[in-house]
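Inspection log for the structure reproduced underneath, given as structure tokens.
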Amino acid sequence: MIARISTAFAVTVFLAAHATAEVAPRVQIPSNNHAEAVTDTQSIKVPLTAQHLSSSLVGDAKNSIQPFDQTLELQGIRFHVTTALVDGNPVLYITPQGLEIDNSKVTHPLTGSIVRAEVADLDRNGSPEIYIFVRSSGRGIAGELVAYSTNRKKSLSEIYLPLVSDNPKIAEGYQGEDEFAVTENALVQRYPVYDGADAGARRTEKMRQVQYRLIPGEAGWVLRVSEVTEY
């Protein structure tokens with residue numbers, strides 16, 4: 001299992017492809033109206049996780065944030081993902097189409113550039129989710145996950161990924177540099193393990209791999225740790 005997922009991570013460094021097993025193909029529709037829609041059937045892996053930035057780093061991130069405009073579709077639900085500057089501050093917009101009750105646009109502040117957007121159905125309930133990976137500039141700085149579920153194809157609810165620091169089992173030696181992947185029915189996080197938590201800590205030769213499963217929470221959806229391995 002570890003070898004299979006590790007291989008998938010390595011392949012993604014060179015290939016911009018992604019997939020979810022046993023669900024309908026995901027369609028990416030480029031912002032260029034003259035380009036043909038592309039159906040992807042391979043998974044993506046990108047570095048990120050949730051972490052707060054200092055005020056100086058936020059300023060640097062604003063100056064380097066890249067524009068993003070992409071439409072993705074799965075199981076009859078379409079997501080238009082874009083970025084814009086509002087009063088000098090970068091924001092993310094997610095505009096759904098095809099939901100039965102509420103197709104309102106979602107607005108989310110950004111502290112980095114969108115690396116990748118992915119649609120999947122991790123809990124395999126026939127309603128897709130949208131996962132957006134954000135990366136901030138600077139060595140050792142983690143990114144952010146912005147994710148929403150479509151609630152039986154009726155409306156959007158946010159998916160919460162707890163901070164690594166909230167879980168002692170996976171926080172020891174953590175200093176960001178994450179790679180994430182949607183594989184089959186799990187979100188997989190992989191990152192190098194350091195010999196401490198301070199700025200002078202050094203990387204060990206170990207990698208930690210964390211698998212999350214999507215479950216309903218009190219006020220939305222939660223990605224909960226289901227398996228942790230080191231190698």
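This table checks each residue for (1) acidic (Asp, Glu); (2) buried (at least 19 other Cβ atoms within 10 Å of the Cβ).
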site: Ile159; (1), (2): no, yes
site: Asn167; (1), (2): no, no
site: Glu179; (1), (2): yes, yes
site: Val193; (1), (2): no, no
site: Ala199; (1), (2): no, no
site: Thr204; (1), (2): no, no
site: Glu218; (1), (2): yes, no
site: Val228; (1), (2): no, no
**Q.** From Val134, Val119, Val115, residue being aliphatic (A, V, I, L, M), under 16 Å from the mean Cα position of the chain (by Cα) and over 25 Å from Tyr174 (Cβ atoms)
**A.** Val119
Q. Has region 129-140 got any residue that is closer than 30 Å to Gly98 by Cβ and in a loop (DSSP other than H, G, I, E, B)?
A. no
Q) Assuming Thr111 fulfils every condition listed in (1) more than 30 Å from Val193 (Cα to Cα); (2) outside any strand (DSSP E or B); (3) of a type outside the set (Lys, Arg) apart from one, which condition is it? A) (1)
Q: Would you check which residues across region 76-95 are free of Cβ contacts under 8 Å to residues at least 60 places away in the same chain, touching a Lys or Arg at 6+ places or on another chain (Cβ under 8 Å) and of a type outside the set (S, T, N, Q) and list them?
A: Gly88, Pro90, Tyr93
Q) Which of the residues belonging to region 166-208 are in a strand (DSSP E or B) and of a type in the set (A, V, I, L, M, F, W, C)? A) Phe180, Ala181, Val182, Ala186, Leu187, Val188, Val193, Met207
Q) Quick one: would you say Glu144 is among the acidic types (Asp, Glu), touching a residue at least 40 places away in the same chain (Cβ under 8 Å) and either surrounded by fewer than 21 Cβ atoms within 10 Å (Cβ to Cβ) or over 30 Å from Gly76 (Cβ atoms) (or both)? A) no
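The numbers here are math on the coordinates, done by the rules we state, and not lab data. All values derive from a computational prediction rather than experimental measurement. Note that we place each Cβ from the backbone using ideal geometry, even for glycine, and neighbour counts take in every protein chain shown.
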